[in-house]
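Enquirer: Submitted below is the structure of interest, expressed as structure tokens.
The values are calculated or read from the model by the stated rules, or taken from the named source; none is laboratory data. Computed from a predicted structure; not experimentally measured. Every residue, glycine as well, gets a Cβ built from its backbone with ideal geometry; the counts of neighbours run over all protein chains shown. The protein model used for the area step is the full one, side chains on, heavy atoms only, and it has no ligands, DNA or RNA in it. Shrake-Rupley method; radii C 1.70, N 1.55, O 1.52, S 1.80 Å.
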Protein chains: 2
Amino acid sequence: MKTISRKEEIIQVASRLFYEKGYKTVSMRDIATAMDIKAASLYNHINGKQEILSEIILKVAEEFTVGMENVVSEKISAIEKVEKVIEMHIDITVNYSEALAALNNDWMHLEKSNLSAFVKMREDYEENFRKIIKQGIEMGEIKAHHPEVILFSILSTLRTLYLWYQKRGKLDMNILKRDMVAVLIKGLI
Amino acid sequence: MKTISRKEEIIQVASRLFYEKGYKTVSMRDIATAMDIKAASLYNHINGKQEILSEIILKVAEEFTVGMENVVSEKISAIEKVEKVIEMHIDITVNYSEALAALNNDWMHLEKSNLSAFVKMREDYEENFRKIIKQGIEMGEIKAHHPEVILFSILSTLRTLYLWYQKRGKLDMNILKRDMVAVLIKGLI
DNA sequence: GTCTATAAGCAGATAGAC
DNA sequence: GTCTATCTGCTTATAGAC
């Protein structure tokens with residue numbers, strides 16, 4: 001049971017509010033009120049609203065980057081890599097579900113240098129995933145559909161998982177992983 | 001080549017801006033500037049910013065509602081219904097791609113009565129889709145995975161299609177439909 | 001570390017002239 | 001139908017007392 005700093009508390013509270021109402025709709029007063037302090041007091045711990053956003057988004061973006069690099073470096077088949085990516089997404093969703101709202105919906109409000117860092121990480125991530133799929137098609141492990149359609153279909157599902165996790169979070173994670181992998185890889189019929 | 005009213009023009013311009021920056025970030029001044037008029041002039045055609053949002057969202061929501069009702073009433077197998085739903089989503093995405101950003105991301109900013117109307121339509125839509133899937137499982141047409149996982153997986157992909165359509169809109173729609181149906185229904189392997 | 005007070009700017013919206 | 005001028009309230013952020 002670790003004690004969290006005031007800055008970490010701000011980020012935690014802000015993540016929840018951003019998840020509920022979106023970055024632009026949440027004011028510094030809203031965040032302060034939720035912590036039972038005044039808005040001005042926040043500025044003793046953080047430099048501004050932008051900093052809260054970038055701390056939330058970049059931390060999770062780095063988790064995805066590291067996770068994907070780990071999968072890529074493993075010596076397993078393409079299909080097994082896809083499975084690992086799906087499982088990694090589910091794990092990160094469980095640990096950072098509220099932060100994922102900002103990452104998915106509010107990344108465009110990052111300020112310039114953080115914005116380009118985020119976009120770079122996101123593009124690299126997609127490119128790594130694309131390579132896995134293309135390799136799987138070349139090796140005959142994956143059916144030769146348009147690789148972009150496959151990439152998009154899996155990524156959209158994984159990226160919006162955080163929305164669904166909050167509503168039906170009770171579902172056992174192992175069952176979720178098993179069924180999600182099965183549905184995405186083996187299809188419906 | 002139909003001439004559009006000033007009100008329709010406002011809604012069209014606003015849809016594009018909401019797609020690019022989100023409802024909360026776009027000001028009435030932004031919309032007016034994009035039309036080369038002053039913000040005050042907008043109020044001669046619409047009652048306020050909220051009205052612009054509800055016009056955009058509810059129109060498309062009704063398209064989905066009607067489309068789903070048509071599919072449900074057809075006398076075809078569950079798998080064929082799923083195919084029809086996917087094709088309908090692709091058609092609506094092509095026709096209303098910018099409006100779909102507001103529908104997906106800004107529906108929570110609708111005012112009370114429009115908000116509840118939208119939520120009702122959305123829930124009915126999901127329930128109809130859920131019934132199709134459950135029926136398919138009962139009839140043995142669809143594998144007996146958790147129906148919520150199947151529903152969520154297909155819906156997430158279809159709901160974020162508008163993002164992808166803008167980037168790679170050049171792809172032939174018939175190829176997209178064929179591959180999307182194949183990937184979502186038959187899977188990767 | 002939190003407070004009060006306040007600055008400077010932008011938001012949605014209205015009144016009334018043309 | 002569009003304009004200018006303006007109102008009211010909220011935004012992020014800072015200064016300085018305690």
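Enquirer: Do any residues of the stretch A:2-40 show a loss of at least 40 square angstrom of accessible area between the isolated chain and the full protein assembly, using a 1.4 Å probe, and if so which?
Expert: Going by heavy-atom accessible area, the residues of the stretch A:2-40 that drop by at least 40 Å² are A:Lys24, A:Thr25.
Enquirer: In addition: Among B:181-189, A:5-13, how do they line up by average Cβ neighbours within 10 Å per residue, starting with the highest?
Expert: B:181-189, A:5-13
Enquirer: Residue by residue through A:142-152, how many Cβ atoms from other chains fall within 10 Å of the Cβ on average?
Expert: Mean partner shielding for this stretch: 6.
Enquirer: Inside 10 Å of the C-beta atoms of B:82-88, what's the mean count of C-beta atoms belonging to other chains?
Expert: That works out to 0 on average.
Enquirer: Considering only protein heavy atoms, what is the solvent-accessible area of B:Asp91 at a probe of 1.4 Å, reported in Å² to the nearest 10?
Expert: 70
Enquirer: Let me ask you something else. Over all residues in B:153-165, what is the mean tally of Cβ atoms on other chains that come within 10 Å of each residue's Cβ?
Expert: 5
Enquirer: Which of the listed residues, B:Met173, B:Ala144, B:Ile133, is farthest toward the dipole's positive end in chain B, when Lys, Arg count +1 and Asp, Glu count -1 at the beta-carbon?
Expert: Sorting the options by dipole projection puts first B:Met173.
Enquirer: Any idea what the relative contact order of chain A is, in percent, if you count C-alpha pairs under 8 Å spaced at least 6 apart?
Expert: This gives 24 percent for chain A.
Enquirer: By accessible area of protein heavy atoms, probe 1.4 Å, what ranking do B:Glu51, A:Glu87, B:Glu69, A:Glu138 get, highest first?
Expert: The ordering from most to least exposed comes out as A:Glu138, B:Glu69, A:Glu87, B:Glu51.
Enquirer: Could I ask something else about it? Computed on alpha carbon atoms, what radius of gyration and Dmax characterise the protein assembly as shown, expressed in Å?
Expert: Reported Rg and Dmax, both Å: 21.8, 67.
Enquirer: Here's something else I'd like to know. Write down the accessible area per residue of the stretch A:49-186 in Å², having rolled a 1.4 Å probe over the full set of protein chains.
Expert: 46
Enquirer: Past 19 Å, Cα to Cα, is the threshold; run A:Lys7/A:Lys112; A:Lys21/B:Lys59; A:Lys21/A:Lys167 against it and keep the listed order.
Expert: Violating the 19 Å Cα-Cα cut-off are A:Lys7/A:Lys112; A:Lys21/B:Lys59.
Enquirer: Using a 1.4 Å probe over the heavy atoms of the protein chains, calculate the carbon and sulfur portion of the accessible area of chain A as a whole percent.
Expert: The nonpolar share, carbon plus sulfur, comes to 50 percent.
Enquirer: How large is the dipole of the stretch B:49-186 about the Cα centre if only Lys and Arg carry +1 and Asp and Glu carry -1, each at its Cβ, rounded to the nearest 20 debye?
Expert: Its charge dipole is roughly 400 debye.
Enquirer: Got the B:Ile4 label distances to the other copies yet, label 7 Å along Cα→Cβ, in nm, shortest first?
Expert: Here the equivalent label points are 4.5 nm apart from this one.
Enquirer: Between chains A and B, what is the buried accessible area in Å², counting both sides, with a 1.4 Å probe and ligands, DNA and RNA left out, to the nearest 100?
Expert: Buried area (both sides, nearest 100 Å²): 3600 Å².
Enquirer: Normalising by the residue count of the stretch A:46-113, find the relative contact order in percent from Cα pairs under 8 Å and 6+ residues apart.
Expert: After rounding, I find 51 percent.
Enquirer: Also, I was wondering about something else. For the rotation bringing B onto A, which B residue has its Cβ nearest the axis, and at how many Å?
Expert: Looking at chain B's Cβ atoms against the axis toward A, the nearest is B:Gly187, 1.
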